[in-house]
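K.L.:
After the structure tokens below, expect a handful of questions from me.
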Amino acid sequence: MEKKPPFPYQKQKQLSEYSTFGIGGPARYFAEAREVEQMCEMLAYANQASIPIHILGKGSNSLFDDRGFNGLVILNRIDFLSQEENVFTVGSGYSFARLGGVTARGGWSGLEFASGIPATVGGAIYMNAGANGKETADVLAKVGFVTEKGDLIEFEKCALEFGYRSSSFQKKRGAIVEAVFHLIPSDRARTEQKEILGYRLKTQPYGEKSAGCAFRNPEGESAGHLIDEGGLKGIQVGGAAISKTHANFIVNTGGAKTADVLELITEIKETIYREKGILLEEEIRCIPYDL
Ligand SMILES: Cc1cc2nc3c(=O)[nH]c(=O)nc-3n(C[C@H](O)[C@H](O)[C@H](O)COP(=O)(O)OP(=O)(O)OC[C@H]3O[C@@H](n4cnc5c(N)ncnc54)[C@H](O)[C@@H]3O)c2cc1C
């Protein structure tokens, strides 16, 4: 018989409550890590018990399965922040948007673009989140990581690889728990951060349920522009629709199922491939029920 988790946990917690899409069934086990030591304990337990894990940030890039997740979902709530001159050390569960605001208000440049990205710092590093020509990795110096066996290790940035919405962490099993950023003093940081946020609010479907951009931009192209040109803006499958505000956003108009989103994704990919010869690649991460 499976050994029960030795830490507080809940059963059958609905993942739709923890995804900005508002989609997803129940997690077999659901636990919150507020300290690095708790993350170590949870990962070590899952490893010994051979239970699949999913590290959950703000679920702002995640499409969960309607059946949920057949394993342990660890909600990352490690959210401290400390500063020494231009060096910011931050827990990976800290809000990435808040970090962008706090640092810009303090006159530090490098994370202005984070403002309005509804992520955790850990999720932003994992995805190498970016906007306005900047990416998370640009100002990252170090990452604290808990391995799948529950050991805490540290990576200098030079030991890691980052690309467009990709990072070495997408090939590792474990959890990012801490990050160190080196920022640059700037009188323009706050103004720039406010401009970026203002532009976002005008051009993206904030207030609607989505997981951000559905597709990566192909080299030299904009996925949103291609979808718009393909005449697909506004089309709907079940409760999932292409946003009328930004064609690269799929929104849950109410009661959308995972299958609705996946069908819409397929329809978009087939249309763009047929009309433009370009195969779009998903940016949204689909989290399967069984790993
Ligand atoms: C309105 C809106 C606007 C957005 N705008 C942007 C944008 O401008 N630029 C951009 O790049 N993205 C954007 N996104 C997408 C999303 O916010 C980013 O991809 C973000 O990095 C996801 O962070 P998260 O904490 O929500 O991760 P989640 O969705 O919770 O997780 C995403 C993946 O990262 C893994 N992960 C999360 N935390 C950890 C951790 N601590 N350790 C190991 N693995 C982890 C998860 O297991 C999962 O595989 C937007 C989304 C929305 C809804």
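K.L.:
Can you name every residue in region 156-203 that is free of Cβ contacts under 8 Å to residues at least 12 places away in the same chain, within 16 Å of residue 134 (Cβ to Cβ) and among the acidic types (Asp, Glu)?
P.N.:
Of everything in region 156-203, just one residue is free of Cβ contacts under 8 Å to residues at least 12 places away in the same chain, within 16 Å of residue 134 (Cβ to Cβ) and among the acidic types (Asp, Glu), namely 195.
K.L.:
Related question: Among the strands (runs of 3 or more DSSP E) confined wholly to region 54-123, which include 1 or more residues that are over 19 Å from residue 180 (Cβ atoms) and aromatic (Phe, Trp, Tyr)? Don't jump to the end; show me each part of the working.
P.N.:
Details: elements: 62-64, 69-76, 81-84, 87-91.
Correct list: 62-64, 69-76.
K.L.:
Restricting to region 1-51, give me the number of residues that are in contact (Cβ under 8 Å) with a residue 12 or more places away in the chain, in a loop (DSSP other than H, G, I, E, B) and closer than 18 Å to residue 291 by Cα.
P.N.:
The total comes to 5.
K.L.:
Could you tell me whether any residue of region 169-181 is loosely packed, with under 15 Cβ neighbours inside 10 Å, modelled with pLDDT of 95 or more, in the same structural domain as residue 136 (by TED's automatic domain parsing) and of a type in the set (Val, Ile, Thr)?
P.N.:
No, that holds for no residue.
K.L.:
Starting from residues that are more than 15 Å from the ligand (Cβ to nearest atom) and among the hydrophobic types (A, V, I, L, M, F, W, C), keep the ones in region 1-50 and report whichever is farthest from residue 73 (Cα to Cα).
P.N.:
1
K.L.:
Within region 168-183, track down each residue that is among the small types (Gly, Ala, Ser) and more than 9 Å from the ligand (Cβ to nearest atom).
P.N.:
Initial filter on region 168-183 (among the small types (Gly, Ala, Ser)): 168, 174-175, 179.
Matches in region 168-183: 168, 179.
K.L.:
Further question: Test each condition in (1) closer than 20 Å to residue 15 by Cα; (2) away from the ligand (no atom under 14 Å from the Cβ); (3) modelled with pLDDT under 95 for residue 254 and report the one that comes out false.
P.N.:
(3)
K.L.:
Please name all residue pairs, on different chains or six or more residues apart, with Cβ atoms under 6 Å, provided the first residue is in region 124-142 and is in contact (Cβ under 8 Å) with a residue 60 or more places away in the chain and assigned to a helix (DSSP H, G or I) and the second residue is basic (Lys, Arg) and surrounded by fewer than 22 Cβ atoms within 10 Å (Cβ to Cβ).
P.N.:
Taking only residues 6 or more apart or on different chains, the pairs are 127/165.
K.L.:
Is it fair to say residue 221 is outside the structural domain of residue 116 (by TED's automatic domain parsing) and either away from the ligand (no atom under 11 Å from the Cβ) or part of a loop (DSSP other than H, G, I, E, B) (or both)? Break it down stepwise before answering.
P.N.:
Working: outside the structural domain of residue 116 (by TED's automatic domain parsing): yes; either away from the ligand (no atom under 11 Å from the Cβ) or part of a loop (DSSP other than H, G, I, E, B) (or both): yes.
It is true that residue 221 is outside the structural domain of residue 116 (by TED's automatic domain parsing) and either away from the ligand (no atom under 11 Å from the Cβ) or part of a loop (DSSP other than H, G, I, E, B) (or both).
K.L.:
Out of the residues in region 91-140 that are surrounded by 24 or more Cβ atoms within 10 Å (Cβ to Cβ) and β-branched (Val, Ile, Thr), state the one that is farthest from the ligand (Cβ to nearest atom).
P.N.:
Across region 91-140, the extreme among qualifying residues is 103.
The values are calculated or read from the model by the stated rules, or taken from the named source; none is laboratory data. Bear in mind the structure is a predicted one, so any value in this text is a computation, not a measurement. Glycine gets a Cβ as well: all are built from the backbone with ideal geometry, and neighbour counts include every protein chain shown.
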